[in-house]
Amino acid sequence: MRYLITGGAGFIGSHLADYLVGKGHEVHIVDDLSTGSLENIAAHVRNKRVDFTQANILDREVMEPLVANCDQVFHLAAVVGVKLILEKPVHTIETNVEGTQVILKLAREHNKKVLVASTSEVYGKAMENLHHSDQLSEDGDWTLGSTGKSRWAYACSKAMDEFLALAYYEEYGLPVIVARFFNTVGPRQTGRYGMVIPNFVESATSNTPIRVFGDGNQSRCFTAVADAVRACVDLMSCDEAVGEVFNIGSVEEITINDLAKRVKELARSTSEIVHVPYEEAYGKGFEDMRRRTPDISKLQRFIGYNPTYTTDDIIGEILHYRHSRVGDATRVERAAVS
Ligand SMILES: NC(=O)c1ccc[n+]([C@@H]2O[C@H](COP(=O)([O-])OP(=O)(O)OC[C@H]3O[C@@H](n4cnc5c(N)ncnc54)[C@H](O)[C@@H]3O)[C@@H](O)[C@H]2O)c1
């Protein structure tokens, strides 16, 4: 098979490329390198089964032959991360909505199956209305904050992508699958745009303060990127998944306070854990959700999915990755000096 991965030089996209190439497939990566990097896909530079095009997915002329010449599309390119969204709301909304529009239009013209990446953010504050034992299920209601708070623009742009993808399926019969990722983490994820684990790991390994936003009692469920990638690929080959929305996540819930403690312990760090008000981190009026726990029974039913990584496994893997990078950088510095 030949797959097109939009956003393939990004965090999830590059792991997806590794996985597909490892299975013997051909991959064409398109990415504008705005948050992704060539370093993420460096392993494939000389691989004849991997092509790379640096382009903006909004550029229809560039995208047309790429969509035409593949068998299936994984559409992951988007503006991602709370920090970026607050800084560039127009760019976020336009890229996420128009980008998906371009991909779906081209997929329809060339009749290609598309997996559209969405996010658990679309549930917004829905968990506040549920009992403690309840989980977020795909057909549950969503509760977003006011349009005056641009944080919710990301969720809304991704919800619009979902509506559009499902509309293409309903109206034109285009085979689409929507994947709602829940806090997906692993090696190569950058902390630059506000992702929590890379930031904690960086602070812990440099023995600088680990900054917990808010009171730290908010909780999340972290998904290993390897589990998420496997789920996406399995969904693409599952005929019954077409026209459906899936949570891709893990049900191991951890508060951000406990996460900070685990990272500190596993890194054997002397970092102090400090609390930073949301307002100081993200500006006035910032809203967050207290909990976000996925119901993954639908994913289990359709593809027999079960997460294989615990939160400790994930932290351990990221620490290992971080140490190997620091080791590489030190070796390069030493070589430069000698
Ligand atoms: N990582 C998570 O926890 C998470 C959670 C929910 C949803 N998602 C979704 O998964 C997808 C991948 O996210 P990620 O975590 O790998 O983030 P990422 O920022 O690493 O990946 C996004 C990639 O898209 C590229 N890109 C952005 N705008 C583009 C454009 N206009 N044209 C071409 N390329 C463009 C970026 O350079 C980057 O490589 C996104 O759609 C995101 O919304 C991720």
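The values are calculated or read from the model by the stated rules, or taken from the named source; none is laboratory data. The structure presented is a predicted model; accordingly, all values stated were derived computationally and were not measured. When we count neighbours, we look across all protein chains shown, and the Cβ atoms used for this are built from the backbone with ideal geometry, even at glycine.
Please determine, by comparing only the residues of the stretch 262-290 that are under 27 Å from LEU136 (Cβ atoms) and among the charged types (D, E, K, R), which one is modelled with the highest pLDDT.
Once the filter is applied, the top-ranked residue is ARG262.
Quick test for you: out of VAL122, VAL90, VAL67, pick the one residue that is in contact with a His (Cβ under 6 Å, 6 or more places away or on another chain) and in a helix (DSSP H, G or I).
Details: VAL122 fails: in contact with a His (Cβ under 6 Å, 6 or more places away or on another chain); VAL90 fails: in contact with a His (Cβ under 6 Å, 6 or more places away or on another chain).
Only one candidate passes the filter, namely VAL67.
Being more than 19 Å from LYS112 (Cβ to Cβ), of a type in the set (Gly, Ala, Ser) and assigned to a helix (DSSP H, G or I) is the filter here, so list the residues in the stretch 1-34 that pass it.
SER14, GLY22
Can you tell me which residue within the stretch 171-203, out of those that are within 16 Å of the ligand (Cβ to nearest atom) and small (Gly, Ala, Ser), is surrounded by the most Cβ atoms within 10 Å (Cβ to Cβ)? Outline the logic, then answer.
Step one: filter the stretch 171-203 for residues within 16 Å of the ligand (Cβ to nearest atom), giving 176-201.
When the remaining residues are screened for being small (Gly, Ala, Ser), the result is 179, 186, 191, 194.
Values: ALA179: 25, GLY186: 23, GLY191: 16, GLY194: 19.
Among residues in the stretch 171-203 that are within 16 Å of the ligand (Cβ to nearest atom) and small (Gly, Ala, Ser), the one surrounded by the most Cβ atoms within 10 Å (Cβ to Cβ) is ALA179.
Does TYR168 satisfy being near the ligand (Cβ under 10 Å from one of its atoms) and part of a helix (DSSP H, G or I)? Walk me through how you get there before you give the answer.
On the way: near the ligand (Cβ under 10 Å from one of its atoms): no; part of a helix (DSSP H, G or I): yes.
So TYR168 does not fit the description; no.
Return yes or no: is GLY8 on the phi > 0 side of the Ramachandran plot and more than 6 Å from the ligand (Cβ to nearest atom)? If you could, list the steps in order and put the result at the bottom.
Values: on the phi > 0 side of the Ramachandran plot: no; more than 6 Å from the ligand (Cβ to nearest atom): yes.
No, not satisfied.
Report yes if some residue within the stretch 204-225 is of a type in the set (Gly, Ala, Ser), within 21 Å of ALA179 (Cα to Cα) and buried (at least 16 other Cβ atoms within 10 Å of the Cβ); otherwise report no. Quick ask: steps written out before the conclusion?
Start the filter on the stretch 204-225 by keeping residues that are of a type in the set (Gly, Ala, Ser), which leaves 204, 206, 214, 216, 219, 224.
Imposing the further condition that a residue be within 21 Å of ALA179 (Cα to Cα) reduces the set to 224.
Cutting the leftovers down to buried (at least 16 other Cβ atoms within 10 Å of the Cβ) gives us 224.
Yes, because at least one residue in the stretch 204-225 is of a type in the set (Gly, Ala, Ser), within 21 Å of ALA179 (Cα to Cα) and buried (at least 16 other Cβ atoms within 10 Å of the Cβ).
For the subset of the stretch 79-123 comprising residues that are away from the ligand (no atom under 11 Å from the Cβ) and among the polar types (S, T, N, Q), which member is nearest to the chain's Cα centre (by Cα)?
GLN101
When you look at ALA55, is it of a type in the set (Gly, Ala, Ser), within 9 Å of the ligand (Cβ to nearest atom) and more than 16 Å from the chain's Cα centre (by Cα), yes or no? Show your work before the answer.
Working: of a type in the set (Gly, Ala, Ser): yes; within 9 Å of the ligand (Cβ to nearest atom): yes; more than 16 Å from the chain's Cα centre (by Cα): yes.
Against the criterion (of a type in the set (Gly, Ala, Ser), within 9 Å of the ligand (Cβ to nearest atom) and more than 16 Å from the chain's Cα centre (by Cα)), ALA55 qualifies.
I'd like to verify a number: residues in the stretch 50-62 that are under 14 Å from GLY8 (Cα atoms) and either in a loop (DSSP other than H, G, I, E, B) or in contact (Cβ under 8 Å) with a residue 40 or more places away in the chain (or both), how many? Walk me through how you get there before you give the answer.
Going through the stretch 50-62, the residues under 14 Å from GLY8 (Cα atoms) turn out to be 50-57.
When the remaining residues are screened for being either in a loop (DSSP other than H, G, I, E, B) or in contact (Cβ under 8 Å) with a residue 40 or more places away in the chain (or both), the result is 52, 55-57.
Final tally of qualifying residues: 4.
Just one of ARG188, ARG192 is basic (Lys, Arg), within 30 Å of GLY285 (Cβ to Cβ) and at pLDDT below 95; which is it? Before the answer, list the steps.
Numbers: ARG188 fails: within 30 Å of GLY285 (Cβ to Cβ).
Answer to the check: ARG192.
Give the residues of the stretch 235-279 that are touching a helix residue (DSSP H, G or I) at 6+ places or on another chain (Cβ under 6 Å), closer than 27 Å to LEU16 by Cα and small (Gly, Ala, Ser), sorted by residue number.
Matches in the stretch 235-279: ALA241, GLY243.
Could you list, in sequence order, the residues of the stretch 137-165 that are crowded, with 22+ Cβ neighbours inside 10 Å and either basic (Lys, Arg) or not in a helix (DSSP H, G or I) (or both)?
LYS158
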